[in-house]
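Written out below as structure tokens is the structure these notes cover.
The values are calculated or read from the model by the stated rules, or taken from the named source; none is laboratory data. Keep in mind that what you see is a predicted model, and the values were worked out from it rather than measured. Glycine also receives a Cβ, built like all others from the backbone with ideal geometry; neighbour counts cover every protein chain displayed. Keep in mind that these areas ignore ligands, DNA and RNA; they rest on the heavy atoms of the full protein, side chains included. Shrake-Rupley method; radii C 1.70, N 1.55, O 1.52, S 1.80 Å.
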Amino acid sequence: MAADQLAAVSATAGIFGDFSAARQFRGAFTAAHDDHQTRLQGHHAALTAYSSKAATNARVLAMTDQHNAAAIAATSPQIL
């Protein structure tokens, strides 16, 4: 999962230098990184739920279609 891969990396202390602005930027970068990871986890959960619902709806539609085809086939001799 992308969120897991993103969680496996981080900006280490001093990566942008060891001065006030660099530490401040690293803090902002880390906050954005954490927010992005949280959003990815949310997207993954939502997409998993949507795909599950789509699969369920596809099965129901196929069953309904089969039922309707059988009903038509059963009544067609009476119609002709």
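Being in contact with a helix residue (DSSP H, G or I) (Cβ under 6 Å, 6 or more places away or on another chain), of a type in the set (S, T, N, Q) and either open to solvent by 60 Å² or more (accessible area, probe 1.4 Å) or in a helix (DSSP H, G or I) (or both) narrows it down to one of Q24, Q5, Q41, so name that one. Break it down stepwise before answering.
On the way: Q24 fails: in contact with a helix residue (DSSP H, G or I) (Cβ under 6 Å, 6 or more places away or on another chain); Q5 fails: in contact with a helix residue (DSSP H, G or I) (Cβ under 6 Å, 6 or more places away or on another chain).
Answer to the check: Q41.
Taking interchain pairs and intrachain pairs at least six residues apart, which have beta carbon atoms under 9 angstrom, with the first residue in the range 32-59 and within 12 Å of A7 (Cα to Cα) and the second open to solvent by less than 60 Å² (accessible area, probe 1.4 Å) and not in a helix (DSSP H, G or I)?
As it stands, the answer is H33/A11, since those pairs meet every condition given.
Is there a residue in the range 65-80 that is open to solvent by less than 70 Å² (accessible area, probe 1.4 Å), hydroxyl-bearing (S, T, Y) and either under 29 Å from V9 (Cα atoms) or under 21 Å from the mean Cα position of the chain (by Cα) (or both)?
The answer is no, given that none of the residues of the range 65-80 is open to solvent by less than 70 Å² (accessible area, probe 1.4 Å), hydroxyl-bearing (S, T, Y) and either under 29 Å from V9 (Cα atoms) or under 21 Å from the mean Cα position of the chain (by Cα) (or both).
What's the number of the only condition in (1) farther than 30 Å from S10 by Cβ; (2) open to solvent by 60 Å² or more (accessible area, probe 1.4 Å); (3) modelled with pLDDT of 95 or more that L47 fails to meet?
The failed condition is (1).
Being open to solvent by 60 Å² or more (accessible area, probe 1.4 Å) and either touching a Ser or Thr at 6+ places or on another chain (Cβ under 8 Å) or touching a residue at least 40 places away in the same chain (Cβ under 8 Å) (or both) is the filter here; which residues of the range 8-21 pass it?
Hit for the range 8-21 is S10, nothing else.
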